[in-house]
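The values are calculated or read from the model by the stated rules, or taken from the named source; none is laboratory data. No experiment lies behind these values; they were computed from the predicted model shown. Cβ atoms come from the backbone with ideal geometry, glycine included; neighbour counts cover every protein chain shown.
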Amino acid sequence: MKVKSTLENYLFILPAVTIFAIFYIYPFYATFNLGLRAWDGVSPVSQFVGLRNFKEILLQSRLWWPAMWHAGYITLIA
């Protein structure tokens with residue numbers, strides 16, 4: 001009896017877990033995967049560059065830190 005109840009509980013949450021995976025987990029994975037590649041957005045070919053894109057944004061971009069400061073400021077006053 002307990003096994004049937006447990007199985008029913010899992011079947012009840014299955015639609016919610018499926019929707020969560022489709023609309024949250026997959027887009028997060030796809031976006032992170034694109035962040036690891038050098039791609040111009042048009043050609044079908046992309047080159048894997050690892051964390052180089054993130055390194056360039058954090059260490060070499062003059063716009064990143066001021067943008068984060070402004071976003072944090074707006075978040076605090078909102």
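Odds and ends about this structure:
- Residues (part of a helix (DSSP H, G or I), among the aliphatic types (A, V, I, L, M) and under 22 Å from Arg52 (Cβ atoms)) located in segment 1-36: Ala30, Leu34
- Among (1) at pLDDT 95 or above; (2) out of contact with any strand residue (DSSP E or B) (no Cβ under 8 Å at 6 or more places or on another chain), the one test that Glu8 misses: (1)
- When residues in segment 37-53 are screened for being within 23 Å of Trp64 (Cα to Cα) and outside any helix (DSSP H, G or I), 9 of them pass.
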